[in-house]
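Below: one structure, written as structure tokens.
Please treat every number below as a calculation from the coordinates, not as lab data. Small disclaimer: the values here were computed from a predicted structure and weren't measured. In this analysis, Cβ positions are derived from the backbone assuming ideal geometry, glycine residues included, and neighbour counts consider all displayed protein chains.
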């Protein structure tokens, strides 16, 4: 079974390599983009398949030589090592071939809101915003502020595969620390909620203009101090769902409206996706990437300088590094966990 899968992976990878070098494909932007995406998605599995083939060849060679020298310790060690690696690679290849989330390639819109904790929660929301934007920049993505207020932050992250990384940040982030305003040195617990929405275009989510109520008003507050002399702020209400989006950071009413529509499309898409997933399955594993705001996903403990992800029970003692955007360990572990759960679902026929 695994040998057949390895052959299929290698054959398909060779097809994609040939396709990417074909003049007619290079000349067709859509075909080239699709082939490039397929190549990138298959490349990790292709590398594992090549390593599997080498390990299988080493094992076969060791067996053949052992027939002539059955007591040779080096040959026995080679066979044992090759067989052990083959077993590991079987699991790794199956994981690599698990179907990915269809939204993984998309840009994302991230909404951060202060939760419980009053002023400290608002400060914590700002810390989460800095952490996520630093992480995006470290990975080569482009953060785009959309609506920044006191304790509320809406921003986009642009780049290939942004959703595959940031979807794991959706949920409640809890901090345990002594606030600067606390004279008694008591530890407070505050929270910030994060929603991670795949950004979609007009084709993926249809919005009837008749369903929209669009209001314009004069900007105010931190985001609108430089533009509060004109009615440039925009509030869009989607009447069927009751979803309301407001934007005021830009000087132009048109720019604010464009940003508001981007956020509205993302929120409506998330609602439709969550409803579809709920209908397919009531299990938590079917709701990966839904941006569930109620779930406590991570605790940041300043006193012990540690961060714990409650979903996979991962504990790291590098709080400062994490807050500077060093989230790679958590993302890698969560991506592996997602793949394993998807593999289990497929194996059980769900």
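So between residue 11 and residue 80, what do we pick up on full extension, going 0.36 nm a residue minus the alpha carbon distance?
On the way: separation 69, 0.36 × 69 = 24.84 nm, distance 2.84 nm.
Contour length minus the Cα-Cα distance gives 22.0 nm.
Taking other Cβ within 10 Å of each residue's Cβ, how do 1, 97 sort, fewest first? Before the final figure, lay out each step's value.
Numbers: 1 7, 97 20.
Fewest-to-most ranking of 1, 97: 1, 97.
Our estimate of slack between residue 178 and residue 101, defined as 0.36 nm per intervening residue step minus the Cα-Cα distance, is 23.8 nm. Report the residue, chosen from 269, 141, 302, that carries the largest GNM mean-square fluctuation when the chain is represented by alpha-carbon nodes joined by springs under 10 Å. Highest fluctuation among the options: 302. Between 40, 113, 94, the residue with the greatest mean-square fluctuation in the GNM of the chain (Cα pairs under 10 Å linked by springs) is 40. Short-range pairs are left out: with C-alpha atoms under 8 Å and at least six residues apart, the relative contact order of the chain is 15 percent. Which entry in (i) 151; (ii) 128; (iii) 188 is this structure's computed volume of the Cα convex hull per residue in Å³? Read-out taken from this structure: (iii). By its C-alpha gyration tensor, with a ≥ b ≥ c as the square roots of the eigenvalues, how is the stretch 8-150 shaped: rounded for a/c under 1.5, else prolate for a/b larger than b/c, else oblate? Oblate. Here the contact order of the stretch 82-165, divided by its residue count and restricted to Cα pairs under 8 Å and six or more residues apart, works out to 38 percent. What number, in percent, do you get for the relative contact order of the stretch 1-119 if the mean sequence gap of Cα pairs under 8 Å and at least 6 apart is divided by its residue count? Taking the mean separation of contacting Cα pairs over the length of the stretch 1-119, I get 24 percent. Counting beta carbons within 10 Å around each of 32, 166 and listing the fewest first gives the order 32, 166. Could you state the number of Å between the C-alpha centres of the stretch 139-186 and the stretch 83-132? Here the two parts' Cα centres lie 12 Å apart. Under the simplified labelling scheme, the residue 57-residue 201 pair shows an inter-label distance of 4.3 nm, with each label point 7 Å from Cα along Cα→Cβ. Running a GNM on the chain with Cα contacts under 10 Å, which residue among 168, 13, 155 ends up with the highest mean-square fluctuation? With Cα springs under 10 Å in the chain, the top fluctuation among 168, 13, 155 is at 13. A simple spin-label model places pseudo-atoms 7 Å from Cα toward Cβ; at residue 22 and residue 213 they are separated by 5.4 nm. Residue exposure proxy: 169, 111, ordered by other Cβ atoms within 10 angstrom of their Cβ from fewest to most, comes out as 111, 169. In a fully extended conformation the segment linking residue 255 and residue 91 would gain 54.2 nm over its present Cα-Cα distance, using 0.36 nm per residue.
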